[in-house]
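Comments concern the structure below.
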Amino acid sequence: PVLGAIFPPSLVNMCFVLSAVQMIVFNPLIFMLFGVGAAKRDTPPGEPQASNADIVVSVLRGLTKNFVILSVVLGLAYNGAFGGLRGAHLPFFLDDVCVLLGSAFGPMVLYMAGAANVGSFEKLAQLNSALMPLLSVLLKSILLPTIVMSLLSLFGASRSTMDFAFAFNCLPTAGSTLVFAAAYRPSDELKSLLSAGLALGKLLGFPLLFLSAAIFKTKDVHDVLELEERLAGVGREPDHLA
């Protein structure tokens, strides 16, 4: 919904492709780390711990039942079988159902994003140090977009593509992170760190995204300079009052 207010549908549709790539490439690695860590942590005291190879095999078996990964794999397999990996249409009876269910995506994203905020800022206040969540948010919302834009510039990408890539990488980490982590029973301290990181991500990520959107929409360099002057003057007393 946020990117849809800034960019044309042709670019916004790339969000779904990027999300699927992330789920099939990065999520299995993350779930693997979660599973290995949980298996080592939950070994009863006094019992011999299973070897790393056995733990990895056990986690891999569990990933074969993960519906997030399975849905992407099945979709990719269908695309390869019926569309040559160039796009495959669903039968009309399945397409109508998917369109109906998919129409709830936008409202549910906003609803669940609001629900995920409940208690997040309380967790942030309870931390002895906010250094780790703050550093992780700065890496995600500032360093990552900058690196991606620099790489795209080296490859000669268009300005609209670079703008979209910067905005996409400015997006705060999704609240679903807590849902995935909860299945592995993280400690209270780790839950506090996760909640604090998600809360800080929204505080820093969305203002940066909105500022980027304002710059993307300005066509004249003088408008950008005027925007910068207005932002610099926020909170400053007017000259006649100073």
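What follows is calculated from the coordinates using simple rules that are stated; it is not laboratory data. Computed from a predicted structure; not experimentally measured. Here the Cβ positions follow ideal geometry from the backbone for every residue, glycine too, while neighbour counts run over all protein chains shown.
The table below gives the values:
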quantity	calculated
Theoretical FRET efficiency, 1/(1+(r/R0)^6), r = Cβ-Cβ of Ala38 and Leu76, R0 25 Å, to 0.05	0.35
Members of Lys65/Lys202; Lys140/Lys217; Lys65/Lys191 lying beyond 27 Å, as alpha-carbon distances in this model show	Lys65/Lys202
FRET efficiency, Ser160 to Phe16 (Cβ-Cβ, R0 22 Å, nearest 0.05)	0.75
Glu189 paired with Ser150, simple spin-label distance in nm, labels 7 Å along Cα-to-beta-carbon	3.4
Computed lengthening from Met132 to Phe67, 0.36 nm per intervening residue step minus Cα-Cα distance	20.3 nm
Packing rank of 187-194, 164-171, 205-212, where each peptide gets the mean count of other beta carbons within 10 Å, highest leading	164-171, 205-212, 187-194
Difference of contour (0.36 nm per residue) and Cα-Cα distance, Val97 to Val57	10.8 nm
Nitroxide proxy distance, nm - points 7 Å out along Cα→Cβ at Phe206 and Ala104	2.4
Student exercise, region 1-97 dipole from Lys, Arg, Asp, Glu Cβ charges, in Debye to nearest 20	140
Between region 1-19 and region 161-220, the alpha-carbon center distance in angstrom	16
